[in-house]
Each structure stands twice: as C-alpha cells, then as structure tokens.
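Report on one structure; see the data block that follows.
Quick note: the coordinates plus some simple rules give every number you see, no bench work behind them. Small disclaimer: the values here were computed from a predicted structure and weren't measured. Reconstructed Cβ throughout: ideal geometry from the backbone, glycine too, with neighbour counts over all protein chains shown.
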Amino acid sequence: MAFDTKTIALIVIALIIGLAIGYGVAAVMGGGAATTVTVTPEKKVYTIGFTLPLSGELSSIGKIWEKVVKLAIEDLNKEVQAYGFNVEFRSVILDDGTTEEKALQNVQSFAQQGIKVIIGPAASAQVKAVKSYVDSNKIVLISPSSTAPTLAIPNDYVFRTVGSDAGQAKVLATLAYQEGARKVVIFFRNDEYGNAFADFLKNYFEGMGGTAVKLPYQTGLSDYASEVATLASKVQSEGADAVVLIAFDTDGANILSHAAESDTLSSVRWFVSEGPHGAEELLSSTVGRFASRVRLFGTRPLFIANPLYEDFKSKMVQKFGVEPGVFSENLYDAVKLAGWAILRAGTYDGEAIRTALIEVAKTYYGPSGWTIFDNAGDKAQQDYGVWAIIPGGPKGYQFKDVGLYERGTIIFLEQAYS
Amino acid sequence: MGERLIPGIQQAVMNAFQYTLFYLIFSLPLTLSYRTTKVINFAHANFITYGAYVAIFLHGVLGLNNMSLAVVIAFLVTGAIAVINNVFVFTPLQKRGSSPAIIMISSMGLWIAYKYLLYMITDVAHYYTTKNFVSYGRITYSDVPRGSIGGIEFSQALVASLVAALLIVALLYLLLEKTKIGRAMRAVADNPLLAEISGIPRSLIVNLTWLVCGGIVGIGGVIWTSFSGAITPEVGDSMILQVFTVGFIGGLISLLRTGIGAALIATIENVGIAILNTYFGTPVSFRPFLTFATLITTLIAFPPLGAGGGLPYRFLRRGSKK
C-alpha cells in the first residue's frame with residue numbers, strides 16, 4: 001500500500017512538472033506569435049456572393065459577367081488598398097442556371113456562410129423568388145440586370161443598378177414608331193420580365209397612336225419553331241408591319257433563327273429588347289443576315305459616349321478578349337458600390353450596409369454613369385442606347401451601338417444598315 | 001386555300017413535317033433498343049445531346065462545318081456510350097437479377113451523370129476558346145445543299161433529316177429483315193432464352209443493338225444543330241417527353257406504329273396548336289400540355305400502356321419468370 005501511495009505521489013508530481021513545462025512552452029510560442037501579429041496586422045477579408053446565370057437562358061451573357069466580376073474585384077481591391085484600407089474583397093460565384101429555384105438555393109447557402117451582400121440574380125423572376133428571403137434575413141441584394149417595373153418596391157433590401165423597364169419600354173416604343181411601325185405584334189417571354197415590359201410597351205405605343213397586339217410564349221423550351229409559326233400567322237392575320245421581341249439569349253437567338261426561314265417574318269421590321277444583346281448565338285450567319293434584311297434594332301440601358309465606359313470596354317477586351325455585353329457596366333458598378341458600402345458601414349451587418357449603400361451611390365460615378373438610387377432602390381438616372389447587328393468582327397457579325405434616346409426621340413449616331 | 005382559313009399554316013405544316021423526321025430518327029432506336037434489351041433507357045436523352053455536341057465541338061473548337069464528318073463521329077461516340085452503359089451498368093445489374101425497374105432507375109442515374117459531365121466539358125472548352133458552349137447558335141454546314149423546289153423551301157435541316165430518315169428506315173429494314181444479324185436481333189427480342197439455347201450469342205447481339213440505336217440517335221442530334229436556333233446541354237432532356245410519347249404510341253414494340261406516332265405528335269404540336277390559336281385563341285404556351293394530353297390519352301385508350309400491344313404485361317411476365 002505504501003508503495004502505491006509513493007507511486008501515485010510521483011505521478012502527481014510528474015504531472016505538475018509536465019503541466020508547468022507545457023504552459024511555459026505555450027507562453028513562449030504564443031508570445032512569439034503575438035509579436036508577429038503586431039508587426040503585420042491581419043488583412044480583413046470580406047466576401048461578396050454572386051449568383052450568376054452561367055447556364056440556362058442567359059448563359060451567353062453570364063459567361064461574360066463572370067469575367068466582369070473578376071475585373072471589378074481586382075479593381076476594387078487595388079482602389080481600397082490605394083486608400084490605405086487593409087482589407088481584401090473576395091468573390092464566391094455560384095451558377096443559378098437562370099432558374100428561380102437555384103437562385104434561391106444559392107442565396108440561402110450564402111446566408112448560411114454569413115455573407116451579407118449578394119450580387120445577382122440576373123432575371124426579374126429570380127429576384128422576385130429571393131426577395132422575401134433577403135428582406136427577412138437582412139441581406140443586401142444588388143441585381144445588375146433585373147428591370148421589371150413590378151419590382152420597384154421602396155424600403156426593401158433589393159437594389160438594382162439599372163433603371164426599370166418603365167423607361168426602356170418608352171424608348172423601344174419610340175424607336176419602333178419613329179422607324180415607321182404603326183401596328184406591331186409584341187412577342188414576349190411569359191414571365192415577370194416579359195409580361196411587365198409588354199404591358200408598358202403596349203401603353204406607350206398606343207399612346208403615340210399605334211396599335212399593339214400581345215403574343216406571349218412559354219419560356220424554357222428546347223425549340224421555338226412552332227411558336228414562331230404562330231407568330232407568323234399572327235403577323236399575317238393582323239396585318240402588322242413590325243414585331244417587337246422581348247427575350248433573353250437562348251430563346252431570342254432561337255426565335256430569330258427560325259424567323260429567318262419565314263418569308264412573312266422576313267418582310268416586316270424587327271425591334272428587340274435589351275435581353276439578347278451581347279449573346280454570341282445572335283452572331284451566327286443566319287441571324288446576322290436576317291438582321292440586315294429586316295433592319296433589326298434593339299434598345300438597351302447604356303450611357304453612350306461615357307469615357308469611363310470606353311475605358312472599361314477596352315480593359316475587358318485587353319484582359320479577356322471579349323466585349324462587355326448588356327449590363328456588364330451595371331454589374332461592374334454594383335461590385336464597386338458593394339465594396340465601398342461595406343467599408344462605409346464599418347461593420348459587416350446587413351442593415352448598416354444597406355444604409356451605407358444608399359449614401360455611397362449618391363456620389364459614385366462609374367461606367368454605367370451616376371449610380372444614385374431612386375426611392376425604390378433602382379438606378380434613378382438611366383440612359384438608353386440603340387444597338388444593331390452589323391457585319392464585321394472576328395465572328396463575322398458584331399453588336400454595335402448606333403444611337404441613343406434623348407428627350408423623346410431616337411438620335412442615330414451612324415447608319416447601321418445600308 | 002388553307003392559307004385563307006389559317007394564315008401561316010404553310011410554315012406550321014412544314015414544321016410538322018420537319019419534326020416528324022426528327023421524332024422518327026429519335027424514337028425508332030428507342031423502340032428497337034427496348035424490344036431487344038428490355039431496358040427503358042432514360043439515358044436516351046444523352047444520345048441526342050451528345051450527338052449535337054459532337055457537331056458543336058467540331059464547329060466551335062476545330063472550326064469544321066462538315067456535316068458528314070460530324071455524323072460519322074457522332075455515330076461512333078453515342079454508339080460507344082450506349083455500349084459502355086450496357087457493358088458496365090445494365091448487364092452487371094441484370095446478372096445480379098435486378099428488376100427492370102431498378103435498371104430503369106440506373107438509366108436515370110446515367111442520364112444525370114452524362115448531362116453534368118457534358119457541362120464540365122463545355123466549361124473546359126469555354127476556358128480555352130472563350131466561346132459559350134452552353135448555348136450555341138445554329139450551324140450552317142458547307143456540305144449540305146439548300147434551296148427551293150416548286151415553291152417549297154428546303155432548309156439544310158430538312159434536306160439532311162429527309163436523307164437521314166430515309167436511309168435509316170431503309171437500312172434498318174434491310175438489317176432486320178434480310179440479314180442474319182437482324183434475324184438474331186429479332187430472335188433475342190422475341191424470346192431471349194430460346195435464342196440463346198439455339199446458339200445466338202446474345203450479349204454480342206445486345207451490344208450491337210445498343211451501338212446501332214445509340215449511333216442513330218446521335219446522327220439525329222447532329223442534324224438538330226442545323227435546325228434549332230440555340231442548342232443547350234438540356235436539348236435532349238426537353239425532347240425526351242415527346243420521344244417517349246411517340247415510343248409509347250408504338251407500344252415500344254412496333255416500329256411502324258412508332259413512325260405513325262412521330263407524325264401524329266409532330267402534327268398535334270405544330271398544326272394543332274396553330275388551328276387552336278387561330279380559332280379559339282389558345283395561347284401558344286399550351287403546346288407541351290397537348291403532348292402530355294396525347295400521352296395520357298394513348299395510355300388510357302390502349303391499356304395496358306401504349307397502342308402497340310402493351311408494355312408492362314410483357315415486361316412483368318418476362319421479369320417474373322426468371
């Protein structure tokens with residue numbers, strides 16, 4: 001028994017000595033680490049979440065946007081470091097397939113990671129799907145491309161660095177009317193974006209003295225040959241002199257390709273919304289030839305002749321070899337605004353960032369122009385340009401901005417089609 | 001004269017004809033493969049998509065717009081995929097005594113796996129070329145003629161699919177009716193056990209059937225790139241409903257009724273919707289509904305399952321005997 005007590009005592013003493021040595025070592029090591037921290041303080045990292053349409057109906061423009069995000073994050077980091085902030089912004093990009101369900105999933109997984117600022121999603125239907133979630137979780141959401149007037153809602157967490165389509169519908173109506181169209185068939189996506197756009201367009205066009213007939217089509221189909229045949233019969237039976245197409249990338253290219261095969265549809269004028277602008281599929285020879293034949297014009301949000309935009313455009317071409325398509329500049333500015341709003345808020349908290357964002361936007365000027373928000377959180381100052389598809393460029397055809405909207409009329413800066 | 005009653009009917013009729021040819025090329029192999037192998041193959045959708053993407057990668061990455069080359073390569077690629085599916089998935093499952101339902105579910109797994117594999121490949125291709133392969137514009141081919149004969153416009157897709165459909169139907173007829181291999185295929189289809197006992201190398205015949213079926217659908221996929229305005233990795237998926245409906249009209253047994261089904265579905269989808277739209281103002285977005293309605297009507301009007309003689313009873317009898 002005595003032996004046992006001795007052994008136990010020895011073990012206890014050994015343990016105490018061991019603990020003491022351990023603490024000593026830890027203190028020395030810890031002390032060492034602490035001194036290095038004071039020499040170079042750790043960089044603060046902020047993550048911005050992106051839900052982009054890298055596949056699905058907006059994939060063509062989504063692929064370009066992925067590059068815009070890269071450029072914008074790089075520029076933002078350079079800029080804040082030049083101002084002496086020891087912070088770094090990082091991007092997490094998730095693909096939402098241009099669908100509502102995946103956009104919501106992405107936003108939820110960002111929220112789980114503690115991300116408070118999300119840029120995207122692209123389509124209005126998607127923004128509508130995630131709106132209640134971001135509002136109730138106080139996450140600031142900035143869409144660079146959602147334009148449905150129905151989403152212009154004040155005092156929420158959804159911001160849009162682009163003007164609502166109430167403005168663009170007026171421009172597109174003016175364009176069609178000024179080009180001589182008096183009776184148009186509006187062929188539009190049967191979704192949040194298409195329905196609202198078509199309603200506004202019809203109102204404006206009929207206000208000018210024209211007639212407009214609406215024809216919606218189902219989205220997400222593999223092919224639109226049968227829809228285009230119905231459009232042709234509508235144009236013929238109504239005696240319309242123009243078609244106004246409100247579409248995205250994949251569906252827009254598909255519809256134009258099939259329209260090129262129809263004599264009826266090749267003999268009327270075509271006007272297109274901003275959706276398909278920048279999509280590579282539209283530069284195929286089928287669509288290119290068709291565009292020249294029907295003198296196709298489109299509208300898009302653009303502040304033409306802005307030196308910052310020209311600068312941004314040449315940077316994109318130089319760095320990635322691609323021209324920025326529609327909304328690229330709005331996305332670029334959304335990233336910059338998000339970054340500066342986080343810094344201005346001083347804390348990574350949704351409510352504070354929201355307030356800061358409104359203030360930052362008042363004094364920020366970028367490739368998309370002056371970014372001040374109206375009381376619904378949409379870009380208040382939105383200009384519009386007119387685009388065409390003309391021969392040239394490495395793909396045989398290219399997009400070209402040929403005009404702008406000013407005080408109720410379209411002014412052409414150059415002749416697009418001979 | 002129809003022109004006055006239904007404006008633009010001509011294009012709807014042309015579309016119906018064009019779609020008949022596509023459905024024929026896509027559905028005949030489905031029926032043939034089910035007949036011989038008893039597998040309800042959902043990975044059938046991949047054959048369409050991969051066929052189209054062979055043409056797209058040849059065009060987008062290598063800059064080739066030669067349809068005959070694309071057709072040959074697509075036949076080999078999609079045929080090989082079909083054989084691989086059979087050798088590594090269906091046959092091992094069958095050997096372990098899996099029910100046809102399990103094998104059908106495994107084909108759904110393959111379908112999803114191949115789809116996302118293609119997304120990965122398109123991403124790699126995008127990295128090297130900066131082109132968007134997830135949505136690709138129509139390809140104009142250098143070796144397919146086009147033009148109009150007697151006021152009817154023959155697009156490249158129409159010419160190619162007409163030639164392909166005629167050749168496929170003729171060659172399938174010759175193969176099945178006039179050759180030893182074809183007779184062996186039919187023997188395996190009618191009674192696999194008896195065929196094996198009488199000395200027909202069953203697994204070889206089944207693999208050969210898969211090669212031919214997968215390959216033919218791949219050819220259809222190539223031709224689709226000259227027709228559709230924008231092709232995505234989902235193209236086969238969104239067509240699988242129609243292809244299966246056509247197949248069910250043939251009961252997955254009769255090749256002739258499959259052909260009739262192709263014409264029926266194509267007409268309903270194109271001419272039917274045009275008439276409904278003109279006279280009743282039915283929205284164009286009703287089109288997928290019509291296909292579904294036809295599918296359900298077919299199944300109810302010709303029980304059990306399909307006009308060609310009843311799939312599940314044949315199916316169950318064979319499965320339970322084992």
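State the number of residues belonging to the stretch B:187-218 that are in contact (Cβ under 8 Å) with a residue 24 or more places away in the chain and either in contact with a Ser or Thr (Cβ under 8 Å, 6 or more places away or on another chain) or among the hydroxyl-bearing types (Ser, Thr, Tyr) (or both). Residues that pass the stated criteria total 12.
Checked against (1) more than 7 Å from chain B (Cβ to nearest Cβ); (2) surrounded by fewer than 24 Cβ atoms within 10 Å (Cβ to Cβ), A:PRO216 passes all but a single condition, namely (1). Name the residue that is nearest to A:VAL107 (Cα to Cα), counting only residues in the stretch A:44-68 that are away from every other protein chain (no Cβ under 14 Å) and surrounded by fewer than 22 Cβ atoms within 10 Å (Cβ to Cβ). Looking at residues that are away from every other protein chain (no Cβ under 14 Å) and surrounded by fewer than 22 Cβ atoms within 10 Å (Cβ to Cβ), I get A:THR47. Residues in the stretch A:90-139 that are assigned to a helix (DSSP H, G or I) and of a type in the set (Ser, Thr, Tyr) were compared, and the one that is surrounded by the fewest Cβ atoms within 10 Å (Cβ to Cβ) is A:SER136. Only residues that are away from chain A (no Cβ under 11 Å) and either surrounded by 18 or more Cβ atoms within 10 Å (Cβ to Cβ) or touching a residue at least 24 places away in the same chain (Cβ under 8 Å) (or both) were counted in the stretch B:122-140, giving 2.
Of all residues in the stretch A:341-353, those being touching a residue at least 40 places away in the same chain (Cβ under 8 Å) and buried (at least 22 other Cβ atoms within 10 Å of the Cβ) number 3. The listed residues are B:PHE244, B:PHE227, B:PHE248, B:PHE286, and the only one of them that is facing chain A (nearest Cβ under 9 Å) and either surrounded by fewer than 24 Cβ atoms within 10 Å (Cβ to Cβ) or farther than 30 Å from A:VAL235 by Cα (or both) turns out to be B:PHE286. Here A:ILE153 meets the list (1) in a loop (DSSP other than H, G, I, E, B); (2) of a type in the set (Val, Ile, Thr); (3) touching a Phe, Trp or Tyr at 6+ places or on another chain (Cβ under 9 Å) almost entirely, failing just condition (3). Being under 24 Å from B:TYR136 (Cα atoms), within 13 Å of another protein chain (Cβ to nearest Cβ) and among the β-branched types (Val, Ile, Thr): is that true of A:VAL287 here? Yes; evaluated as a whole, the condition is true for this residue. Do you know which residues across the stretch A:260-275 are of a type in the set (Gly, Ala, Ser) and more than 9 Å from every other protein chain (Cβ to nearest Cβ)? Correct list: A:SER266, A:SER267, A:SER273, A:GLY275. Candidates are the residues of the stretch A:309-333 that are charged (D, E, K, R) and free of Cβ contacts under 8 Å to residues at least 60 places away in the same chain; the one that is nearest to A:TRP370 (Cα to Cα) is A:GLU329. Residue pairs whose Cβ atoms lie under 6 Å apart, separated by 6 or more positions or on different chains, with the first residue in the stretch A:376-399 and closer than 30 Å to A:VAL158 by Cβ and the second among the polar types (S, T, N, Q) and in a strand (DSSP E or B), are A:TYR384/A:THR299; A:VAL386/A:THR299. Give the residue that is surrounded by the most Cβ atoms within 10 Å (Cβ to Cβ), with candidates limited to residues of the stretch B:86-117 that are within 22 Å of B:LEU208 (Cβ to Cβ) and without any contact (Cβ under 8 Å) to a residue 12 or more places away in the chain. Only one residue fits best here, namely B:GLN94. When B:VAL72, B:VAL83 are checked against the criterion of being at negative phi and in contact (Cβ under 8 Å) with a residue 40 or more places away in the chain, B:VAL83 stands alone in meeting it. The number of residues in the stretch B:10-58 being more than 27 Å from A:LEU231 (Cβ to Cβ) and away from chain A (no Cβ under 12 Å) comes to 27.
For the residues A:GLY278, A:GLY252, A:GLY239, the requirement of being over 21 Å from B:ARG146 (Cβ atoms), more than 9 Å from chain B (Cβ to nearest Cβ) and in contact with a Pro (Cβ under 8 Å, 6 or more places away or on another chain) singles out A:GLY278.
The residues of the stretch A:156-175 that are surrounded by 24 or more Cβ atoms within 10 Å (Cβ to Cβ) and assigned to a helix (DSSP H, G or I), listed by number, are A:ASP165, A:GLN168, A:ALA169, A:VAL171, A:LEU172, A:ALA173.
Screening the stretch A:314-348 for residues that are in contact with a strand residue (DSSP E or B) (Cβ under 9 Å, 6 or more places away or on another chain) and small (Gly, Ala, Ser) and picking the one that is nearest to the other protein chains (Cβ to nearest Cβ) gives A:GLY325. One residue stands out in the stretch B:58-76 among those that are hydrophobic (A, V, I, L, M, F, W, C) and buried (at least 20 other Cβ atoms within 10 Å of the Cβ): the one that is farthest from B:GLY109 (Cα to Cα), namely B:MET67. A residue that is in contact (Cβ under 8 Å) with a residue 24 or more places away in the chain, under 22 Å from the mean Cα position of the chain (by Cα) and within 14 Å of chain A (Cβ to nearest Cβ) can be found somewhere in the stretch B:159-167.
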